[in-house]
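Structure, as structure tokens:
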Amino acid sequence: MSTIDPNTPLSSYDSAAKQNALIAYIFMGIGLFTGIFWFVGFVWALIKKSDAQNSIFADHYSNIISVFIWGLVFTVIGVITVFFVIGWFILLAVFIWTIYRLVKGAVNLTSNKSFRG
């Protein structure tokens with residue numbers, strides 16, 4: 001488990017990686033209800049991912065990017081199949097899964113843990 005002791009101050013490198021990941025999580029969370037911020041959070045994480053290499057928070061960027069890509073893929077599938085009723089269940093499942101991944105990531109991030117931590 002990758003965790004930093006809460007009493008130990010973060011290096012400026014880790015602090016910047018944590019702050020940028022938190023910004024991306026916030027954008028993605030707002031994007032669940034507005035749409036455009038979903039894309040903004042993805043782009044922010046994509047751009048800032050290289051700045052967080054070798055940081056304890058690096059896997060948060062992979063999580064954000066993966067949530068965007070898989071969320072988009074299954075949302076498109078859900079929209080296409082909504083006429084067959086199954087699409088509504090797909091859309092609901094994607095929404096719940098996305099909230100879970102974003103909340104888990106934000107909680108671990110604010111606790112100074114890696115996403116898998």
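No lab work stands behind these numbers, since they all come straight from the coordinates. Predicted, not measured: the structure shown is a model, and the values here were computed from it. Cβ placement follows ideal geometry from the backbone for every residue including glycine, while neighbour counts extend to all protein chains displayed.
Among W38, W97, the order by Cβ neighbours within 10 angstrom, fewest to most, reads W97, W38. Please report, ordered by residue number, every helix of the chain (full DSSP H runs) that is 24 Å or longer along its axis going by C-alpha atoms and whose mean Kyte-Doolittle hydropathy reaches 1.0. Passing helices, by number: 58-81, 86-110. Normalised by residue count, segment 52-102 yields a Cα convex hull volume of 47 Å³ per residue. Its Cα centre serving as origin, the chain has a Cβ charge dipole (Lys and Arg +1, Asp and Glu -1) of approximately 100 debye.
Taking Cα centroids, how far is segment 15-32 from segment 64-117 in Å? Between the Cα centre of segment 15-32 and that of segment 64-117, the gap is 16 Å.
Please name which of L22, V43, F57 has its Cα lying farthest along the dipole of segment 18-117 towards the positive end, using unit charges on Cβ (Lys, Arg +1; Asp, Glu -1) and the Cα centre as origin. Of L22, V43, F57, it is F57.
For the chain, lysine pairs with C-alpha atoms less than 13 angstrom apart, excluding pairs fewer than eight positions apart on the same chain, total 4.
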